[in-house]
Amino acid sequence: MTADLILHEDPRSGNCFKIRLTASLLGLPLERRQYDIMKGETRTPEFLANVNANGRIPVLQIGDRFLPESNAACWYLAEGSALVPADRFDRADMLRWMFFEQYNHEPNIATLRFWLLFVGEANLTPFQQGQIMAKRVGGEAALAVMEDHLARRDWMVGDSVTLADIALYAYTHVCEAGGFRLQDYAAVCKWLNRVSGLSGYVRMD
Ligand SMILES: N[C@@H](CCC(=O)N[C@@H](CS)C(=O)NCC(=O)O)C(=O)O
């Protein structure tokens with residue numbers, strides 16, 4: 001019998017971790033199916049035809065339906081829970097930070113972590129090597145925006161943890177693997193501790 005919720009993932013991926021963390025905070029059981037992105041296991045004809053035509057994990061399988069994109073999957077799990085604000089403005093503000101994560105944060109911070117930790121700087125293409133500095137500057141700018149915001153509040157939106165915190169936590173807490181210095185961001189560090197102190201918190205594998 002197929003489980004209700006199946007996470008197609010590579011456990012090294014922060015995007016996948018967001019979904020595990022959301023499910024864990026909500027007490028929802030997830031079956032995990034693992035793929036090695038370094039071996040192209042999300043690019044096989046079977047994966048493209050049956051799981052995600054975009055060739056990427058995470059994908060949340062709900063019964064016989066497949067939902068790619070980490071933040072969409074977190075939304076599916078959390079809609080109607082305390083992880084989504086009841087207030088209309090706060091709900092939109094939460095989405096604002098989730099779009100910020102996908103546009104300003106993840107493409108810089110997650111990509112540098114992937115390149116430096118898993119691919120190795122020496123194995124990068126000349127094009128990728130030429131992008132390192134821009135990604136470093138972009139990632140530092142995103143962390144500075146978070147630092148400024150969190151210097152004045154405990155959570156990204158409202159007075160309690162929301163999906164905005166989960167989405168941004170995933171790659172922030174491992175950003176040093178991409179060469180970023182968390183010690184430069186004191187308010188971000190305190191917020192990271194707030195998230196990891198939540199009841200139901202689960203570690204990234
Ligand atoms: N915007 C997507 C990004 C998904 C993504 O880039 N996944 C990466 C791992 S974090 C992947 O599957 N890479 C393998 C590949 O592109 O072949 C999300 O938030 O889920």
Report, to the nearest whole %, how much of the accessible area of segment 5-78 belongs to carbon and sulfur atoms, 1.4 Å probe, protein only.
-> 52
Nearest-20 debye value, segment 88-196 charge dipole, Cβ charges on Lys, Arg, Asp, Glu = 60
Output row, site Val137, 7 Å Cα→C-beta label point, backbone N cut-off 19 Å, window segment 179-200, residues 179-181
Can you give the accessible area of Asp205 in Å² (nearest 10), computed on protein heavy atoms with a 1.4 Å probe?
-> 110
Debye, to nearest 20: dipole size of the chain, +1 on Lys, Arg Cβ, -1 on Asp, Glu Cβ = 200
By per-residue mean of other Cβ atoms within 10 Å, what is the highest-first order of 7-15, 188-196?
-> 7-15, 188-196
With the charge dipole of segment 5-78 built from beta-carbon charges (+1 for Lys and Arg, -1 for Asp and Glu) about the Cα centre, the Cα from Leu5, Ile57, Phe47 projecting farthest to the positive end belongs to Ile57
Unit charges at the beta carbon, dipole of the chain: most positive-side option, Phe127, Ser81, Leu182 | Phe127
Over the Cα atoms of segment 43-164, what is the Rg over Rh ratio if Rh follows Kirkwood?
-> 1.04
How many percent of the alpha carbon pairs in the chain exceed a separation of 32 Å?
-> 15
Go ahead and estimate [θ] at 222 nm for the chain from helices alone: -39,500 (n - 2.57) per DSSP H run with n ≥ 4, summed, over the residue count, rounded to 500.
-> -14500 deg cm²/dmol
Roughly how big is segment 5-78's charge dipole about its Cα centre, with Cβ charges of +1 (Lys, Arg) and -1 (Asp, Glu), in debye to the nearest 20?
-> 160
Sort 158-170, 174-186 for me by packing, meaning the mean count of neighbouring Cβ atoms within 10 Å per residue, highest on top.
-> 158-170, 174-186
Using a ≥ b ≥ c from the Cα gyration tensor of segment 5-78 (square roots of the eigenvalues), is it rounded, prolate or oblate, where a/c under 1.5 gives rounded and otherwise the larger of a/b and b/c decides, a/b for prolate?
-> prolate
Filtering trypsin sites (Lys or Arg not before Pro) in segment 98-156 by DSSP loop and by at most 11 other Cβ atoms within 10 Å leaves Arg152
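The values are calculated or read from the model by the stated rules, or taken from the named source; none is laboratory data. All values derive from a computational prediction rather than experimental measurement. Here Cβ is always computed from backbone atoms with ideal geometry, including for glycine, and neighbour counts include all displayed protein chains. Keep in mind that these areas ignore ligands, DNA and RNA; they rest on the heavy atoms of the full protein, side chains included. Shrake-Rupley method; radii C 1.70, N 1.55, O 1.52, S 1.80 Å.
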